[in-house]
Each structure stands twice: as C-alpha cells, then as structure tokens.
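Report on the structure given below.
The values are calculated or read from the model by the stated rules, or taken from the named source; none is laboratory data. Everything numeric in this text was worked out from a predicted model, so none of it was measured. Cβ: placed from backbone, ideal geometry, glycine included. Neighbour counts: every protein chain shown.
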Amino acid sequence: MMNYEQWEAICTRCGKCCYEKVDLGGGIIQYTDEPCVHLDTKTNLCKVYENRHEVEPDCISLTEHLVRTLTWLPEDCAYARYVRFQDAVAAVRQAEKRSTKGRKGRRRQPWPSEP
C-alpha cells in the first residue's frame, strides 16, 4: 500500500478533474469549460489545495478505491491509468495462480517431437 505522498506523486497536475461537471443522467457526465474558482488555470494547481475540503466542501480526495468507482475521470487521468494498470497486473497474477494451482508435483510432458 502506498502512502499519501506516493499517491499524490502519481497526479500529473493536468487539472481536468477540477473543471465543473454536469450530470446528464444515465451515467453520462459532461465536462464544462468552467474551472473550479480555486484552480489556477496557468499552473493547473489548486490555490487552496491543503484546505480545499474546508473551502470547497464539494471537492473530493481521489483515492484508489474512489478512482475505481468514478466514471467521470478522463481516460488519460494518471490516477485512472495507474489503477487500470494495477488491476491488470492483479488479474494476470490471479490467472497465473489459477493456472498453476493444480500443477504442483506434476511434471510437464515434453512437447511431441516433430515427424
């Protein structure tokens, strides 16, 4: 499990998640061209980052669990890419574990020789 600083270091500071969004219903979220009032659009950094939850109660902290459940994060969000990668690695490891589970103690048969 990574610590807070490691998780924060994943963010590329694109600022996309800090733009206002409109829920169109049916799981469709539309991004607007309107940034949060606290986003510095030149640096893509939040001007009140350390106190953002007090200043802006609607602001959320992205966690690994939350990133897995949110459908509105951009495809190129570094957090979303990281979580997709971690999930893919876990799926491969799980598949490998399942495929080798019954093989303990059994020798693999050699490939048949070509005629």
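Test Val89 against the criterion of being modelled with pLDDT of 95 or more and among the hydrophobic types (A, V, I, L, M, F, W, C), and give yes or no.
Details: modelled with pLDDT of 95 or more: no; among the hydrophobic types (A, V, I, L, M, F, W, C): yes.
The answer is no for Val89.
Could you identify the single residue in Thr71, Thr63 that is at pLDDT below 90 and either within 19 Å of Asp87 (Cβ to Cβ) or of a type in the set (Gly, Ala, Ser) (or both)? Being at pLDDT below 90 and either within 19 Å of Asp87 (Cβ to Cβ) or of a type in the set (Gly, Ala, Ser) (or both) holds for just one of Thr71, Thr63, which is Thr71. Whenever a residue of the range 65-80 is touching a residue at least 12 places away in the same chain (Cβ under 8 Å), its partners that are outside any loop (DSSP other than H, G, I, E, B) and hydroxyl-bearing (Ser, Thr, Tyr), lying with C-beta atoms within less than 6 angstrom and at least six residues away or across chains, give the pairs Val67/Tyr79.
Condition check ((1) surrounded by 13 or more Cβ atoms within 10 Å (Cβ to Cβ); (2) among the polar types (S, T, N, Q)) across all residues:
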residue: Asn3; (1), (2): no, yes
residue: Gly27; (1), (2): no, no
residue: Glu56; (1), (2): yes, no
residue: Asp76; (1), (2): no, no
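Checking each residue in the range 3-36 for being in a loop (DSSP other than H, G, I, E, B) and touching a residue at least 40 places away in the same chain (Cβ under 8 Å) picks out Cys11, Thr12, Cys14, Gly27. When the residues of the range 37-52 are narrowed to those that are among the hydrophobic types (A, V, I, L, M, F, W, C) and in a loop (DSSP other than H, G, I, E, B), which ends up surrounded by the most Cβ atoms within 10 Å (Cβ to Cβ)? My answer is Val48. State all residues of the range 5-25 that are in contact with a Pro (Cβ under 9 Å, 6 or more places away or on another chain) and surrounded by 13 or more Cβ atoms within 10 Å (Cβ to Cβ); if no residue qualifies, say none. Gly15, Lys16, Cys17, Cys18, Tyr19, Glu20 - these are the residues of the range 5-25 that are in contact with a Pro (Cβ under 9 Å, 6 or more places away or on another chain) and surrounded by 13 or more Cβ atoms within 10 Å (Cβ to Cβ).
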